[in-house]
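I have placed the structure first, in the form of structure tokens, so that the comments after it can refer back to it.
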Amino acid sequence: MRDAVTSLIKNYDVAGRYFDRNAIDSLKSYFESGTARVQAAGAINSNAASIVRQAGSGLFEEQPELIRPGGNAYTTRRYAACLRDMDYYLRYATYALVAGSMDVLDERVLQGLRETYNSLGVPIGPTVRGIQIMKDIIKEQVAAAGVANTAFLDEPFDYMTRELSEQDI
Ligand SMILES: CCC1=C(C)/C(=C/C2=NC(=C\c3[nH]c(/C=C4\NC(=O)[C@H](C)[C@H]4CC)c(C)c3CCC(=O)O)/C(CCC(=O)O)=C2C)NC1=O
């Protein structure tokens, strides 16, 4: 698993090069946004259960067929599995935010996920929507916690969305 710094080192070491201007700029921007990243993770952590619950309610309000007979999140077991998945997405998103790298998502979350979902009939579209609803909730809460620029919050959620939605050729 890598973070923004170790990824950069790996790339430059492979080429046997010192950090150039681009590398220094990207290190600077990572360290400059460091406090905000940690603050955001803190704001999310202290509210995680409620964020997941709210995102779940939002999703099921929009798409009530999911929790009706025949829906993939119907029965308490599957409903709970769905919220548990949302909790995974949220927790790993906070790791990716702090690391400044999406590597942890590839390695721990996305690997083989689409295949698992397909084999269990878990619908990807609504899952993606759930992740986006969660992102919106978080952006509001992190802004309310006093983080001025919350643009960096999009990245892990959009990354998971994109990777999950990718079509097989
Ligand atoms: C940390 C990385 C990680 C992830 C991401 C993960 C996901 C994951 N979600 C699963 C199931 C599931 N996932 C869902 C999720 C949903 N159904 C819906 O209709 C909604 C759209 C959606 C919630 C937003 C459901 C309902 C199941 C149970 C499916 C079943 O057993 O029939 C399963 C199958 C095994 C199990 O039930 O535990 C896995 C592996 N597991 C992991 O270890």
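At-a-glance table
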item	result
Among Ala99, Pro123, Asn45 - extreme Cα towards positive end, dipole of the chain, charges at beta-carbon	Asn45
Value of relative contact order over the stretch 84-169, rounded to a whole percent, pairs C-alpha under 8 Å and six or more apart	37
Chymotrypsin sites (Phe, Trp or Tyr not before Pro) restricted to the stretch 1-35 and DSSP loop, no more than 10 other C-beta within 10 Å	Tyr18
Within the chain, helix-based [θ] at 222 nm, where runs of 4 or more DSSP H residues each add -39,500 (n - 2.57), nearest 500	-22500 deg cm²/dmol
Restricting the stretch 37-83 to chymotrypsin sites (Phe, Trp or Tyr not before Pro) in coil, as DSSP defines it, with at most 16 other Cβ within 10 Å	Tyr74
Mean separation of Cα contacts under 8 Å (6+ apart) over length of the stretch 1-150, as relative contact order %	33
Karplus-derived HN-Hα couplings along the stretch 53-67 (A = 6.51, B = -1.76, C = 1.60, θ = phi - 60°), whole Hz, x at Gly and Pro	4, 4, 5, x, 4, x, 5, 6, 5, 5, 10, x, 5, 4, 9
Anisotropy class of the chain from Cα gyration tensor, a/c 1.5 cut	oblate
About the Cα centre, charge dipole magnitude for the chain (Lys/Arg +1, Asp/Glu -1 at Cβ), debye	380
Sparse-neighbour loop sites [GluC sites (Glu not before Pro); the stretch 138-169; at most 14 other C-beta within 10 Å; DSSP]	Glu166
Radius of gyration and maximum dimension Dmax of the stretch 26-108, Cα, Å	16.0, 52
Whole-Hz ³J(HN,Hα) from phi, Karplus 6.51 cos²θ - 1.76 cosθ + 1.60, for the stretch 150-166, glycine and proline x	9, 4, 5, 5, 4, 3, x, 5, 5, 5, 4, 4, 5, 5, 5, 7, 3
Karplus (6.51, -1.76, 1.60) ³J(HN,Hα), θ = phi - 60°, over the stretch 69-80, in Hz, Gly and Pro reported as x	x, x, x, 5, 9, 7, 5, 4, 4, 6, 4, 5
Between helix 4-15 and the chain: long-axis angle, C-alpha atoms, 0 to 90°, nearest 10	60
Full-extension gain in nm, Leu27 to Ser57, via 0.36 nm per residue minus C-alpha separation	6.9 nm
Global geometry of the stretch 68-145, whether rounded, prolate or oblate, following the gyration tensor of its Cα atoms and the 1.5 cut on a/c	oblate
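No value in this document is a laboratory result; all are computed from the given coordinates. This one's a predicted model, so the numbers in the text were calculated from it and none came from an experiment. Positions of Cβ are backbone-derived with ideal geometry, glycine not excepted, and every protein chain shown enters the neighbour counts.
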